[in-house]
Amino acid sequence: NLFQKPNEVNGTAIVLQSIPGAGKNIIIDHCIVKPFGQHGMSTTRKDDFIGRFNSQLGINVFLYANESIFAGDHTDKNAIKTLITDQYRTIELKGVDSKKARNFSSIIFGSNSGWVMNIESLDRRFCYLTVDGKHAKDTKYFAELLHEIENGGSDGFVKYFMEYDLKDFNITDIPVGNIRHRHSD
């Protein structure tokens, strides 16, 4: 959906959890954020997407929230939910009145923490995935991967998703066995 229908609110965010060095950032930063240019954002600051002075969200299509959420903080829970599902959001520039803007952001949350998001049982907004850590801290593997990405791999990644058949795809069909089916709030 992100690549083929960037003007739609997905209603579901991906949550990636892994051990340090598993490689979440290399794919996201080089194959998703970078192709979207000014419309893509990777941040470690939750204020960039649920705080004040969030003007970047007015043009944002993809947001990667990397190590930016503390799952034990219940105060941000509803703001994050609305960011994922609402058609509009409030944008505020410094020194300018806030305004409503269309919400086009597809979101991935990532963390090395064992508890990434405060997810309620059966919440439809999150697809929680554990990233395989078999290549964690394997500098040779990631150097070769980065070389591949920088020499046509990123373009191939985008092309794959632009041509992927979405006819039978429903982004809200979260896989059975997903963490949301095993844990409750």
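Observations on the structure shown:
- In the range 131-147, the residues that are assigned to a helix (DSSP H, G or I) reach residues that are surrounded by 14 or more Cβ atoms within 10 Å (Cβ to Cβ) and not charged (D, E, K, R) with C-beta atoms within less than 6 angstrom, at least six apart or across chains, in these pairs: TYR141/HIS135.
- Top-ranked residue of the range 47-74 - restricted to ones that are acidic (Asp, Glu) and open to solvent by 50 Å² or more (accessible area, probe 1.4 Å), ranked as farthest from the chain's Cα centre (by Cα): ASP47
- Top-ranked residue in the range 84-101 [being among the charged types (D, E, K, R) and in contact (Cβ under 8 Å) with a residue 24 or more places away in the chain; ranked as surrounded by the most Cβ atoms within 10 Å (Cβ to Cβ)]: ARG89
- Test for THR44: is it open to solvent by 50 Å² or more (accessible area, probe 1.4 Å), of a type in the set (S, T, N, Q) and under 30 Å from LYS140 (Cβ atoms): yes
- Residues of the range 4-26 that turn out to be open to solvent by 50 Å² or more (accessible area, probe 1.4 Å) and either closer than 23 Å to ASP138 by Cα or in a helix (DSSP H, G or I) (or both), as a count: 3
- Test for PHE109: is it at pLDDT 90 or above, part of a helix (DSSP H, G or I) and either surrounded by 13 or more Cβ atoms within 10 Å (Cβ to Cβ) or of a type in the set (A, V, I, L, M) (or both): no
For (1) at pLDDT 95 or above; (2) in contact with a Lys or Arg (Cβ under 8 Å, 6 or more places away or on another chain); (3) open to solvent by 40 Å² or more (accessible area, probe 1.4 Å); (4) aromatic (Phe, Trp, Tyr), each residue gets a yes or a no:
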site	(1), (2), (3), (4)
THR130	no, no, yes, no
GLY133	no, no, no, no
TYR141	yes, no, yes, yes
GLY156	yes, no, no, no
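- Some residue of the range 27-46 being assigned to a loop (DSSP other than H, G, I, E, B), of a type in the set (Val, Ile, Thr), over 14 Å from the mean Cα position of the chain (by Cα) and within 22 Å of ASN112 (Cα to Cα): no
The values are calculated or read from the model by the stated rules, or taken from the named source; none is laboratory data. Predicted model only: the values in this text are computed from it and were never measured. Quick reminder, even Gly has a Cβ in these numbers, built from the backbone with ideal geometry, and neighbours come from all protein chains shown. Accessible surface is based on the protein model in full, side chains and every heavy atom, while ligands, DNA and RNA are left aside. Shrake-Rupley method; radii C 1.70, N 1.55, O 1.52, S 1.80 Å.
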